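Everything below concerns the one structure shown next.
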Amino acid sequence: MPNKEMLFIPGPTPVIDEIYDALSSETWAHTDPRFVRIFSEAIQKTKDLFQTDGEVFIIAGSGTLAMEMAIVNVVAPGEKLLVVSQGYFGDRFIDLGRAFGMEVEALQAEWGKQIDPEQVRQKLAEGGFKAVTVTHVDTSTGVAADLEALVPVVKEAGALFILDGVCAAAGVEENMCKGYGNGGAKIDIVLTGSQKAIGVPPGLGIVAFNRSALAAREELGQISAYYTDIKNWLPIMNNPGKYYATPPVNMIYALNKGLEIVMAEGLEARYRRHRALGRAVREALGVYGMKALATEEVAAPTLSCILYPQGVDDAAFRKSLADKGVVVAGALASLAGKAFRIGHMGNVTEEMFGKAIRLIGDTLVELGQPDARDFAVRTFHEVYQSQLKECSSV
Ligand SMILES: *Cc1c(COP(=O)(O)O)cnc(C)c1O
């Protein structure tokens, strides 16, 4: 399949041919030993991605289903959930928790800023919080959470740390084995979807539970969930030949291939590539007078929310750019019309973004802005290359 559009929205991301080939392979029975082997491999690779000592769950659905699965299995109705929100997707946990009768409290950062960990510490000192949700990269703002500071604060308070990694997993490190802070605090649950930095089409919700999170599920006894109850899925994840609900066979082929590609690149190399790409894209767009909402200290490797310069109309810009083959997304809520969002994650290359930076320049010139194309493209490549070197020396 000749690729295609440069799909630089916050997911889905461009799907490469090997993954399309896997997706369009013959659909075998979900109990066929050949499929069971592929499903087992996909489960193992997902465990490797998150380095979990517990279990992973891969089910048909989207990232939102994975969010639901993460909280309903550890927080009972009436128990306290603290939502640490840095934007639209963080806020989603507020509605989700309330829908299940949880007692939800939220700390919401000003859009474009991080939450102050001290504020989280003070909130948790009120006591009784069962779990805390943190969005690793909030897709509305392009702000990344400070795990180094937040994980220890949450664990010191005795709550479970739930990380929404939908816009980060396989693009930014999410290592459940890693100890944060002096006490070696760890992430308990990570959730994601297939369609963002993993680079597979949408259709899978993926959640990893460590041993503490699995124990928290046990303690709850019966929960008000059926499809999302991890206890129903545990036997299948341990032996994918068993039946609970039919797995999306072709999506599992695609995920297995997608994770094979992730692992072949190497996690460290992939994280480094995303960091370099994020920086280079933002610096290059800066040449056009387009500023990121987030400052570089808190900006995400996977996605940026970019403010328009004076006089650029959002709809005209995105339409003209899409006509040239580069698709970016509008901004949400109060930023709608004032900014656009560009994903730089998954199986994307320096070459693709070099082209995209030029096409963005073409669009701006068409819309009456000054011509800074050569400098912007040069800046992109220079920053990307120097960042790759810099990151590899740490
Ligand atoms: C995209 C996204 C979601 C929602 O995922 P869906 O697959 O659209 O349900 C949740 N959280 C974050 C951080 C996201 O980027």
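The values are calculated or read from the model by the stated rules, or taken from the named source; none is laboratory data. Predicted model only: the values in this text are computed from it and were never measured. Here the Cβ is made from the backbone with ideal geometry for all residues, glycine too, and neighbour counts use every protein chain on show. Accessible surface areas use protein heavy atoms only, side chains included; no ligands, DNA or RNA. Shrake-Rupley method; radii C 1.70, N 1.55, O 1.52, S 1.80 Å.
Restricting the GluC sites (Glu not before Pro) of the range 108-177 to loop positions (DSSP other than H, G, I, E, B) with no more than 13 neighbouring Cβ atoms within 10 Å leaves GLU110, GLU126.
Just add up the charged neighbours of GLU41: K/R +1, D/E -1, any other residue whose Cβ is under 12 Å from the Cβ of GLU41. Every neighbour counted, the sum reads +3. Taken as Cα centroids, the range 245-269 and the range 91-123 sit 32 Å apart, rounded to the nearest whole angstrom.
Here LYS186 is the anchor, and the lysines within straight C-alpha reach of less than 25 Å, apart from those fewer than 8 places off in the same chain, are LYS45, LYS47, LYS80, LYS113, LYS123, LYS130, LYS155, LYS178, LYS196, LYS231. A cut-off under 12 angstrom between Cβ atoms defines the neighbours of ALA157, and their net charge, with Lys, Arg +1 and Asp, Glu -1, is +3.
The angle between the Cα long axis of helix 373-392 and the main principal axis of the chain comes to about 40°, on a 0 to 90 degree scale. Note on the chain: with neighbouring protein chains present and a 1.4 Å probe, carbon and sulfur make up 51 percent of its accessible heavy-atom surface. Ellipsoid fit via the Cα gyration tensor, the range 204-268: semi-axes of 26, 17, 9 Å, each the root of five times an eigenvalue, largest first. Helix 350-366 and the longest principal axis of the Cα set of the chain meet at an angle near 50°. Amide hydrogen proximity for GLY112: with H placed 1.01 Å from N in the peptide plane, no residue at 5 or more positions away or on another chain lies under 5 Å.
If you run the Gaussian network model on the chain, springs between alpha carbon atoms under 10 Å, then out of GLN44, GLN369, GLN310 the most flexible one is GLN310. For the range 62-186, what does the alpha-carbon gyration tensor say about shape, rounded, prolate or oblate, given a ≥ b ≥ c as the root eigenvalues, a/c under 1.5 as rounded, and a/b over b/c as prolate? Cα axes put the range 62-186 in the rounded bin. Judged by the ratio a/c of the largest to the smallest principal axis of the C-alpha gyration tensor, the range 267-393 counts as prolate, that ratio being 1.5 or greater while a/b is larger than b/c. Taking amide hydrogens as placed 1.01 Å from N in the peptide plane, the amide H of ASP138 sits under 5 Å from those of VAL143, ALA145, each at least 5 positions away in sequence or on another chain. Packing order of peptides 158-169, 265-276, highest average first: 158-169, 265-276 (average count of other Cβ atoms within 10 Å over each peptide's residues). Note that the range 118-128 has calculated 3J(HN,Hα) couplings of 5, 5, 5, 4, 5, 4, 5, 5, 5, x, x Hz, one per residue in order, obtained from phi through the Karplus relation 6.51 cos²θ - 1.76 cosθ + 1.60 (θ = phi - 60°); glycine and proline are x.
In degrees from 0 to 90, rounded to the nearest 10, what is the angle of the helix 267-287 Cα long axis to the longest principal axis of the chain? Tilt relative to the chain: about 40 degrees. The overall shape of the chain is oblate: from the C-alpha gyration tensor, with semi-axes ordered a ≥ b ≥ c, the ratio a/c is 1.5 or greater and a/b is no larger than b/c. Assuming charge only on the beta carbon of Lys and Arg (+1) and of Asp and Glu (-1), the dipole of the chain about its Cα centre is about 220 debye to the nearest 20. Phi-derived couplings, Karplus 6.51 cos²θ - 1.76 cosθ + 1.60 at θ = phi - 60°, listed residue by residue for the range 199-212: x, 9, x, x, x, 10, x, 10, 9, 10, 10, 7, 5, 5 Hz, with x used for Gly and Pro. Backbone amide hydrogens, once placed in the peptide plane, bring VAL104 within less than 5 Å of LEU81, excluding anything fewer than 5 places away on its chain.
What whole number of Å gives the distance from the Cα centroid of the range 26-87 to the Cα centroid of the range 352-394? Between the Cα centres of the range 352-394 and the range 26-87 lies a distance of 37 Å. In Å², and per residue, what accessible area does the chain have when probed at 1.4 Å with the other protein chains present? I get 39 Å² per residue for this part. Summing charges over neighbours of GLY337, with a neighbour being any other residue whose Cβ is under 11 Å away from its Cβ, gives 0 when K and R count +1 and D and E count -1.
Taking every DSSP beta bridge that has both ends in the chain, the antiparallel portion is near 50%.
Rounded to the nearest whole angstrom, the semi-axes of the ellipsoid equivalent to the range 114-191, taken from the Cα gyration tensor as √(5λ), stand at 20, 14, 11, largest first.
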